[in-house]
Amino acid sequence: MNASAIDARLLEVLQQASNLQLFQLSAVIERMLADPKRILQVRKDLHMGQSVRFMDWRDGQMRTGTIVAMKDTQLTIQEQGTRSAWNVPYTAIEPPAQGTHTPAPEPA
């Protein structure tokens with residue numbers, strides 16, 4: 001995980017937490033991320049073929065790819081460069097910058 005992207009004070013508090021406290025926090029965060037309101041908040045600004053940035057959960061790095069499939073709780077992104085397919089939750093997507101909404105492509 002890219003620790004430099006996390007507030008240093010928060011990271012310090014988390015390092016002092018017990019394993020049980022971290023587990024409890026993890027469960028709360030998982031429930032919050034699965035909230036349909038959060039998913040819809042991200043999903044409403046996305047469409048097939050759109051280029052997006054998403055977080056690689058393995059190392060915390062942001063990657064860029066194109067949306068190739070959209071499901072209820074996750075979407076499939078083809079990473080640029082490697083052409084690898086990633087199934088990621090909507091909450092792992094960086095929201096498009098305000099005012100840069102790109103229209104959905106016209107159907108063929």
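Once you charge only the Cβ atoms, +1 for Lys and Arg and -1 for Asp and Glu, what is the size of the charge dipole of the chain about its Cα centre, to the nearest 20 debye? Could the numbers behind the result be given before it?
Numbers: 11 positive and 11 negative charges, 30 e Å.
So the dipole magnitude of the chain works out to roughly 140 debye.
Checking (1) 1.23; (2) 1.12; (3) 1.17 against Cα Rg over 2.2 N^0.38 Å calculated from these atoms, the matching label is (1).
Per residue, the average separation of C-alpha pairs within less than 8 Å and at least 6 apart gives the chain a relative contact order of 22 percent. The calculated 222 nm mean residue ellipticity attributable to helices in the chain amounts to -9000 deg cm²/dmol, summing -39500 (n - 2.57) over DSSP H runs of n ≥ 4 and dividing by all residues. A simple rule links phi to the HN-Hα coupling: the Karplus curve 6.51 cos²θ - 1.76 cosθ + 1.60 with θ = phi - 60°, which for the range 76-93 gives 9, 10, 8, 5, 6, x, 7, 6, 6, 8, 10, 9, 10, x, 4, 6, 8, 8 Hz, with x for Gly and Pro. Relative to the Cα centre, the charge distribution of the range 1-54, modelled as +1 at Lys and Arg Cβ and -1 at Asp and Glu Cβ, gives a dipole magnitude of about 260 debye.
Could you tell me which of VAL13, HIS47, TRP86 has its Cα farthest along the dipole of the chain towards the positive end, charges placed at Cβ (Lys, Arg +1; Asp, Glu -1), taken about the Cα centre? Checked the options; the winner is HIS47. Under a GNM of the chain (C-alpha, springs under 10 Å), which listed residue has the highest mean-square fluctuation: MET32, MET62, MET48? With Cα springs under 10 Å in the chain, the top fluctuation among MET32, MET62, MET48 is at MET32. Each residue of the range 41-54 was assigned a 3J(HN,Hα) from its phi angle through the Karplus curve 6.51 cos²θ - 1.76 cosθ + 1.60 (θ = phi - 60°); the sequence is 4, 7, 4, 4, 9, 10, 8, 4, x, 6, 8, 9, 9, 9 Hz, with glycine and proline shown as x. Under the shape rule built on the C-alpha gyration tensor, where the axes satisfy a ≥ b ≥ c, the range 25-83 is oblate, since a/c reaches at least 1.5 while a/b does not exceed b/c.
Each value in this text was obtained by applying a stated rule to the coordinates, not by laboratory testing. Bear in mind the structure is a predicted one, so any value in this text is a computation, not a measurement. Note that each Cβ is placed from the backbone with ideal geometry, even for glycine, and that neighbours are counted across all protein chains shown.
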